[in-house]
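Note sheet for the following structure.
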Amino acid sequence: MVYVVDPASIESRVSAWANRGYQVDVMMALNRDMNYYKRGLYDGAEHEDEIQKDKSGNPITHSTSVDVPYMVPTENWNDFIYSMAKASVDAGARRIVFEEPDVFIKSGYSDAFKREWLAYYGENWVDPASSKEAEFKSQKLKVYLCYRALKDVSERIKAYDPDVKVLVASHTAISYLMYGITTSNYDYYNIPTIDGYIAQVWSDTALVPVPANGTSERRVFESAYIDYSSFAHLKLDGDGKQLYALADPKADTPGYSWTEYEQFYKTTIAAQLMQPQFKQFEVVPWSERGFAQAPGTYKTIQTNVYRALQDMYDKSATIEAGTQGIGILYSDTISQMSTAGAVTSFYGPMVPLVAKGIPLQVIPAETLTKPNVLANTKVLFVSYDQWKAIDGNAGAGEGTGSKVNDALRDWVKAGGVLVYAGGSGSTDQLNEWWAENNLSSPKQDLWNKLGLNVSNEQTSAGTNDVELQASGGTGVFGGRSSIAVPKRFAVTSAEPGAGATSLYAASGRSVAYEQAVEQGKVIVVGVAPDYFASRPAASQLIRDIAKYAVEQAGGDLRRSESAQVRPRAVHDDSSDGPAGAIAAARVLHRSVRRPAAGRDRDDGDAAPHDCDAV
């Protein structure tokens, strides 16, 4: 794989490898300029007005140089990107990879973006900082512009040479949110002319502190596992897409010892292998950095891993770990609707389960519009406090949010157990599909479809601590008779009617309750999801809630301190060699506890590099 940054170097760098018999893939940044387009070297016109800018008018540039700006993906910029892709194909490239479709949340103030606003919304630009609605419209437009760029350029590549494959390399929405970037992997993945995705779960993203147990600290395994799982569940059976899992032997961030880099790598590989959906791998990005510079013993470890992954290529597998069939729903819209503070709500219910060996499935909500996505899911955690599935968001299609709720209703009726956490959020006030249907929120639509018999919902926060008391004496969540919720966390209570059973109440109003819905059940816990990251007792509570939900589904919650990944079918005997040794290895994640260095999110230096992929 050759990384290209400007047209001048493409032919020589690509053909140098193609002429020696290699299949050459080319990677390029979708929205980052190497001071070529901006200066007018593409079309003779300078393009300062197309640089992403913040509220103060400052250009947003790469951390390595002020001369490497991030661009608004205008139609003219897309023409420039296509010209580089076409030149790469002419030089012999057989795959084009567009990496990091980065548009920063704080951007939205350049003249080019204001013109795009007028064209998209049919109205003059509004300062994104002026209201929650304007902020969301800004982020939604940024996603559309990236979607348009990928769709337009990939369609032109396919028209020029149908045999060339086009892929996207990206981070997860939650990783991007923590770096102040908005995205929608579901939309980009489902563009018909995009052939696949590279799941960029770098050790740098996994090193970002994650909240749990009342602290925010480095939790490499848990972070990497959640990222890999969200990517793994983008791919559906029979969709014809390629999905590559990436792991890097040496993080971008300097200052760690090789022993630490090795530990990060082993940990992310362990998290990667716990997603049996991955059958294709990018094994050594930036080989001159992560492999060539590594000590000899670490090189040996890396080559063993490469061989193991080669043996696992295109083979189906199963995982043997804790209780299977527990999922949590999320949407990329979290990076469009929320701020970085929302990561606590995202991780709150997840980390306590993953940390204790529960192989949690992180499921993109929009995939529920496709058949049988929840066929192997017994228990599903849901919260609309920080994200919503929305209509018309690029490739998601019309009616998406309502269709997601339809799928949840049908799944519960067929025997699924849905655990809903929280109650309301600031994004309820957005002028989206639920408002157009005279609903207060997507949750109300879900409640209506499930037939939940509750009324007079109220949400409070910031006034007093709340003490929840078990409604039936001995509590169903780990035998707790009471649950203390500090006042900084929102609590939503309601009045249950016939068919709904109160589980925990405060001041005579139910905060946790359940209701059977045909063969399944809904369990509502009206406590904001970020509460579950607030202290060890809250982490244990979410595990006890999961245990209760699994029991309602007819199962038993099993934790695991180890995991095995076994091939379902083997094509040759090599799977019993290195792959078997790696896949059956005990999963240990003793991450070195050290504060992660902050940096601008970019997975590559400003200078061109070659990187190898399998």
Does Ser154 count as in contact with a strand residue (DSSP E or B) (Cβ under 6 Å, 6 or more places away or on another chain), in contact (Cβ under 8 Å) with a residue 60 or more places away in the chain and of a type in the set (Ser, Thr, Tyr)?
no
Give me the pairs, please: first residue somewhere in the range 479-502 and closer than 27 Å to Val517 by Cα, second residue anywhere and part of a loop (DSSP other than H, G, I, E, B) and aliphatic (A, V, I, L, M), beta-carbon distance under 6 Å, and either six or more positions apart or on two chains.
Ala490/Ala461; Ala490/Ala528
Counting just the residues of the range 364-387 that are among the β-branched types (Val, Ile, Thr) and under 21 Å from Trp434 (Cβ atoms), which one comes out nearest to the chain's Cα centre (by Cα)?
Thr367
Collect the residues in the range 157-174 that are in contact (Cβ under 8 Å) with a residue 40 or more places away in the chain, assigned to a helix (DSSP H, G or I) and out of contact with any Asp or Glu (no Cβ under 6 Å at 6 or more places or on another chain), keeping them in residue-number order.
Ile157, Tyr160, Ile174
Counting only residues that are surrounded by 14 or more Cβ atoms within 10 Å (Cβ to Cβ) and among the aromatic types (Phe, Trp, Tyr), which one in the range 104-139 is farthest from Thr183 (Cα to Cα)?
Trp125
Search result, residues across the range 92-113 that are farther than 15 Å from Ala149 by Cα, of a type in the set (Gly, Ala, Ser) and not in a strand (DSSP E or B)
Gly92, Ser107, Gly108, Ser110
Residue hits (the range 1-58; of a type in the set (A, V, I, L, M, F, W, C), over 14 Å from Ser88 (Cα atoms), in contact with a Pro (Cβ under 7 Å, 6 or more places away or on another chain) and in a loop (DSSP other than H, G, I, E, B)) are Leu30
Suppose we filter Lys315, Lys356 for residues that are modelled with pLDDT under 95 and closer than 22 Å to Phe221 by Cβ; which single one remains?
Lys356
The strands (runs of 3 or more DSSP E) lying entirely within the range 496-552 that contain at least 3 residues which are over 25 Å from Val354 (Cβ atoms) and within 32 Å of the chain's Cα centre (by Cα) are 509-517
Take the conditions outside any helix (DSSP H, G or I) and closer than 18 Å to Leu309 by Cα and apply them to Ala245. Does it pass?
yes
If I filter the range 226-238 down to residues being in contact (Cβ under 8 Å) with a residue 40 or more places away in the chain and outside any helix (DSSP H, G or I), which single residue comes out as farthest from the chain's Cα centre (by Cα)?
Leu236
Can you find a residue in the range 130-138 that is touching a Cys at 6+ places or on another chain (Cβ under 8 Å), closer than 22 Å to Ile334 by Cα and of a type outside the set (D, E, K, R)?
no
Restricting to the range 318-331, count the residues that are outside any strand (DSSP E or B) and at pLDDT 95 or above.
2
Among the listed residues Lys413, Lys449, which satisfies the condition of being charged (D, E, K, R), farther than 20 Å from Ala533 by Cα and touching a strand residue (DSSP E or B) at 6+ places or on another chain (Cβ under 7 Å)?
Lys413
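Table: residues versus (1) modelled with pLDDT under 95; (2) aliphatic (A, V, I, L, M); (3) more than 18 Å from Gln336 (Cβ to Cβ); (4) outside the structural domain of Ile523 (by TED's automatic domain parsing).
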{"position": "Gly399", "(1), (2), (3), (4)": "yes, no, yes, no"}
{"position": "Asp410", "(1), (2), (3), (4)": "no, no, yes, no"}
{"position": "Thr427", "(1), (2), (3), (4)": "yes, no, no, no"}
{"position": "Asn448", "(1), (2), (3), (4)": "no, no, yes, no"}
Based on what the data block shows, is Val511 crowded, with 23+ Cβ neighbours inside 10 Å and touching a Gly at 6+ places or on another chain (Cβ under 6 Å)?
yes
Every residue from the range 82-96 that is under 10 Å from Arg156 (Cβ atoms) and among the aliphatic types (A, V, I, L, M)
Ala85
Kindly provide the set of residues from the range 1-35 that are of a type in the set (S, T, N, Q) and under 24 Å from Met71 (Cα atoms), ordered by number.
Ser9, Asn31, Asn35
How about the range 198-212: which of its residues are surrounded by fewer than 22 Cβ atoms within 10 Å (Cβ to Cβ) and over 20 Å from Pro254 (Cβ atoms)?
Pro211
I need the full set of residues from the range 14-31 which are surrounded by fewer than 20 Cβ atoms within 10 Å (Cβ to Cβ) and in contact (Cβ under 8 Å) with a residue 12 or more places away in the chain, in order please.
Ser15, Trp17, Ala18, Asn19, Gln23
Picked from the range 218-247 (must be over 17 Å from Ile328 (Cβ atoms) and of a type in the set (Asp, Glu)), the residue surrounded by the most Cβ atoms within 10 Å (Cβ to Cβ) is Asp239
Answer from Ser154, Ser138 - the residue that is within 22 Å of Gly108 (Cα to Cα), in a helix (DSSP H, G or I), modelled with pLDDT of 95 or more and of a type in the set (S, T, N, Q)
Ser138
Looking at (1) surrounded by fewer than 22 Cβ atoms within 10 Å (Cβ to Cβ); (2) closer than 22 Å to Leu541 by Cα; (3) touching a residue at least 24 places away in the same chain (Cβ under 8 Å), which is the only condition Thr215 fails?
(3)
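The values are calculated or read from the model by the stated rules, or taken from the named source; none is laboratory data. Owing to the predicted nature of the structure, the values given are computational and were not obtained by experimental measurement. As a convention, Cβ positions derive from the backbone with ideal geometry for all residues, glycine included, and neighbour counts pool all protein chains shown.
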